[in-house]
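Here the structure is laid out as structure tokens; the discussion comes afterwards.
The values are calculated or read from the model by the stated rules, or taken from the named source; none is laboratory data. Just so we're clear, the structure is a prediction, and the values are computed from it rather than from any experiment. Cβ placement follows ideal geometry from the backbone for every residue including glycine, while neighbour counts extend to all protein chains displayed. All accessible areas refer to the heavy atoms of the entire protein, side chains included, with ligands and DNA or RNA removed. Shrake-Rupley method; radii C 1.70, N 1.55, O 1.52, S 1.80 Å.
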Amino acid sequence: MRNLSRLLTVQVLLLLWGSGTALAESPFCEEEKASNDRSHEVEHRVEARPEGDLVHFTVHRTFHNSRQRYAEQEALFDLPQGGTVHGVALESQGSWTEGILLEAPQAERRYKALRKKGTAAPRPIALLSTEGTTEGATAHLKLWNVPPQASVTVRYEVRARLTYAHGRSSFTYPLPDCGQTPRPALTVTPPSPGADFQLETRDADTLQPMLEASWEAGTSKGLDARAGLIPWGDGTLGFLQVRAERLSEPPMRARVVFVVDASHSVGPQGITHQLSLAEEYLRLLPEATTEVVVFRRSAERLFGRLIPATEWKTALAALPATRLAPGNGSHLDEGLKLAQRVLSEGNGPARVVALTDGQLRRAFEPVPPAPGTSAPDAAVHLRRLSNRTGHATPHEKLSSPIVRESCGMQLYPYASSMEQLVRPLRWEQVHLQDEQGTPLREVSALNEGEGFHLWLPSPQKPLRQLVLHGQRWGCATSAPVVLDSSLSADVGRNAWSALRFKHWRRQKEELPPREAVELLAKNGDWLSDTRSFLVVPSAAGPSTARTHALPDQVRGGVIGGVIGGTISCAMDSQQPRTASPELEEELARLLQPVFSACLGEGGNPSLLVRVEATGDEIVDVTVTGAASELQATCVREATWAVRLPPIGDDGFMTDYTVKPRH
């Protein structure tokens with residue numbers, strides 16, 4: 001059994017856990033325990049019973065009238081998220097009366113009529129209505145003729161849909177803010193014998209504290225996409241439920257090539273960091289074979305063969321330090337081409353993991369595909385490194401796949417895990433289509449271990465077959481949606497089909513059509529904006545207690561406020577980088593010996609050397625105006641060998657043009 005979480009700020013205390021139930025209770029706020037002569041709620045008990053994909057709540061709320069006369073009680077309280085009331089009863093002096101569901105205006109008129117002055121003996125009555133404008137909905141309870149020095153209890157039934165996240169099913173129940181309202185005592189019946197429950201309070205990331213119960217969801221694997229459909233007009237009203245417990249599996253006997261940036265802009269620590277990332281990756285694929293391609297101006301293999309992942313540490317330790325020393329040049333494209341040649345060896349799924357700070361020469365272009373990187377079981381990933389010397393923008397071509405027509409993803413600096421480069425953990429650009437390929441809905445990205453609920457549109461023709469499409473590592477993927485008869489029945493009979501969303505947090509198209517909500521509520525048995533519950537005991541009628549009643553109007557006030565707004569701020573943009581005069585002068589001084597050695601005493605006044613540099617690294621060299629190819633080669637190679645001093649070393653790339661001095 002898991003340990004129970006307890007957050008002291010909400011003071012939820014576990015009192016009993018056994019015999020198939022779990023009980024959590026919280027006391028009154030200490031400052032509110034003082035007695036008063038007003039009627040108030042004194043007890044709030046909840047029994048939660050998960051069944052299938054739903055949770056059924058039975059709620060008992062007791063109100064006590066401490067006055068010496070009959071009283072009216074009003075209360076506003078939140079329902080569980082997505083839940084609606086399916087039955088109401090009122091108990092007074094040991095006798096229960098079941099409520100009836102009426103059109104909301106009719107129930108309100110009858111309640112007001114019973115509050116008038118008359119000859120009948122005073123009997124308690126109740127009206128329960130709802131305001132469906134907030135997430136989870138707000139129920140409005142009115143009690144009339146609460147006996148003096150006595151209590152009445154209201155019982156109502158709520159249904160809500162279970163949520164799913166990271167292999168666990170869960171539900172939440174709202175907790176009241178500190179006040180005269182007691183905290184609920186929650187009893188949970190496990191959905192199956194031996195279910196592993198965890199209870200905790202959540203108040204850090206919500207506007208209202210919640211009590212959450214969760215447990216292992218079961219043995220379902222893979223992507224579970226189901227739809228419930230019911231006729232609506234000439235078309236179909238539908239509801240989509242998706243659970244993604246596990247979207248993929250690690251490849252077996254994979255061949256992994258790490259393309260490591262060994263340029264000066266990365267530095268020795270950056271190279272060491274890349275190798276540690278590679279080791280972390282291989283721990284997730286212990287059966288893989290691997291090779292490292294190091295790139296500077298050119299690329300080279302470290303091991304010369306694909307070695308077993310188990311030999312990684314030994315093979316690295318045997319390398320001379322000079323093999324991993326940083327140098328000029330950041331030719332990622334050369335590293336990728338060599339990685340493709342490495343993958344022409346052997347068999348098995350192919351993975352290329354390229355690591356770089358993104359400070360590449362302007363001439364960089366994604367490389368063409370090859371059999372080793374365009375096969376269905378291959379992927380080419382880019383793991384960005386944090387910039388060591390500043391905040392320069394990475395090369396713009398890195399926003400596209402670095403090997404054309406390949407699947408893969410980018411992992412940005414400070415990412416928590418390399419697992420998302422081992423196997424797909426997320427679908428992007430998710431959308432739903434019917435059997436003709438007609439797009440129906442776009443939905444949020446689908447992450448492994450998560451789930452979502454989604455209303456489907458109401459087309460003119462009925463829906464029959466549905467397919468969920470998306471992109472996984474940038475390549476197309478799809479999964480069929482199962483038409484579930486039990487979910488279809490749920491759409492027509494359970495409370496979560498009512499309109500229960502915060503409109504300012506949802507796009508309009510994410511909500512079911514209002515007329516469909518009204519139709520479902522009219523055909524169902526739950527509390528809604530259009531229907532209310534009225535509880536009237538036999539022989540109840542207008543009574544003399546009216547002379548002591550409260551005014552007809554509903555007491556209340558503004559309980560919310562503006563929680564959003566517009567904030568304007570400057571956008572970071574890449575400003576044109578001007579050349580550093582100090583570095584330009586230093587570069588000219590460093591190249592004069594090169595010109596003397598390669599051009600002779602007379603020099604070549606028409607020769608120009610264009611150098612791309614990041615401050616301490618030469619990224620690219622172009623020589624023009626040379627008298628011969630031999631002369632150009634000499635100048636170019638000697639320039640590449642120059643080590644720049646760290647003058648103005650901010651990581652931004654700049655062009656410098658140097659010519660021989662007379």
From the option list PRO251, PRO176, single residue qualifying as modelled with pLDDT of 90 or more, surrounded by fewer than 21 Cβ atoms within 10 Å (Cβ to Cβ) and either farther than 17 Å from ASP53 by Cβ or touching a helix residue (DSSP H, G or I) at 6+ places or on another chain (Cβ under 7 Å) (or both) is PRO251
Restricting to region 624-639, what's the tally of residues that are open to solvent by 20 Å² or more (accessible area, probe 1.4 Å) and within 51 Å of the chain's Cα centre (by Cα)? 2
Looking at the structure I just gave you, is VAL353 outside any loop (DSSP other than H, G, I, E, B), open to solvent by less than 20 Å² (accessible area, probe 1.4 Å) and in contact with a His (Cβ under 9 Å, 6 or more places away or on another chain)? yes
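Residue-wise test of (1) within 30 Å of VAL621 (Cβ to Cβ); (2) of a type outside the set (Ser, Thr, Tyr).
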residue	(1), (2)
ARG226	no, yes
SER248	no, no
LEU275	yes, yes
ALA278	yes, yes
Tally the residues that are under 15 Å from PHE63 (Cα atoms) and crowded, with 17+ Cβ neighbours inside 10 Å, restricting the search to region 89-106. 4
If you take the residues in region 58-88 that are in contact with a Phe, Trp or Tyr (Cβ under 7 Å, 6 or more places away or on another chain) and part of a strand (DSSP E or B), which one is surrounded by the most Cβ atoms within 10 Å (Cβ to Cβ)? THR84
When region 438-468 is checked residue by residue, the ones that are among the polar types (S, T, N, Q), surrounded by 15 or more Cβ atoms within 10 Å (Cβ to Cβ) and modelled with pLDDT of 85 or more are ASN447
Report, ordered by the first and then the second residue, all pairs with beta carbons closer than 8 Å, sequence separation of six or more or different chains, a first member in region 464-489 that is more than 15 Å from LEU240 (Cα to Cα), and a second member that is outside any strand (DSSP E or B) and open to solvent by 40 Å² or more (accessible area, probe 1.4 Å). TRP473/MET409; GLY474/PRO401; GLY474/MET409
Against the definition (crowded, with 23+ Cβ neighbours inside 10 Å and under 31 Å from the mean Cα position of the chain (by Cα)), how does VAL266 come out, yes or no? no
Can you find a residue in region 310-330 that is part of a loop (DSSP other than H, G, I, E, B), out of contact with any Asp or Glu (no Cβ under 6 Å at 6 or more places or on another chain) and of a type in the set (Ser, Thr, Tyr)? yes
With touching a residue at least 12 places away in the same chain (Cβ under 8 Å) and on the phi > 0 side of the Ramachandran plot as the only criterion, which of ARG226, ARG253, ARG243 stands out? ARG253
If you check GLY99 against the conditions, is it touching a residue at least 12 places away in the same chain (Cβ under 8 Å), in contact with a Phe, Trp or Tyr (Cβ under 6 Å, 6 or more places away or on another chain) and of a type outside the set (Phe, Trp, Tyr)? yes
Report yes if THR373 is of a type outside the set (A, V, I, L, M), closer than 22 Å to PRO250 by Cβ and open to solvent by less than 10 Å² (accessible area, probe 1.4 Å), otherwise no. yes
Return yes or no: is ALA317 open to solvent by 50 Å² or more (accessible area, probe 1.4 Å), among the hydrophobic types (A, V, I, L, M, F, W, C) and more than 17 Å from ASP333 (Cβ to Cβ)? yes
Considering residues that are open to solvent by less than 60 Å² (accessible area, probe 1.4 Å), at pLDDT 70 or above and assigned to a loop (DSSP other than H, G, I, E, B), the number found within region 501-548 is 10
Members of region 45-54 found to be surrounded by 19 or more Cβ atoms within 10 Å (Cβ to Cβ) and over 24 Å from LEU90 (Cβ atoms), listed by number: PRO50, ASP53
Could we say that VAL619 is of a type in the set (A, V, I, L, M), farther than 18 Å from ALA262 by Cβ and open to solvent by less than 10 Å² (accessible area, probe 1.4 Å) here? no
What number of residues in region 618-655 are in a strand (DSSP E or B) and modelled with pLDDT under 90? 2
Might you let me know whether region 6-25 holds any residue that is at pLDDT 50 or above, crowded, with 16+ Cβ neighbours inside 10 Å and outside any helix (DSSP H, G or I)? no
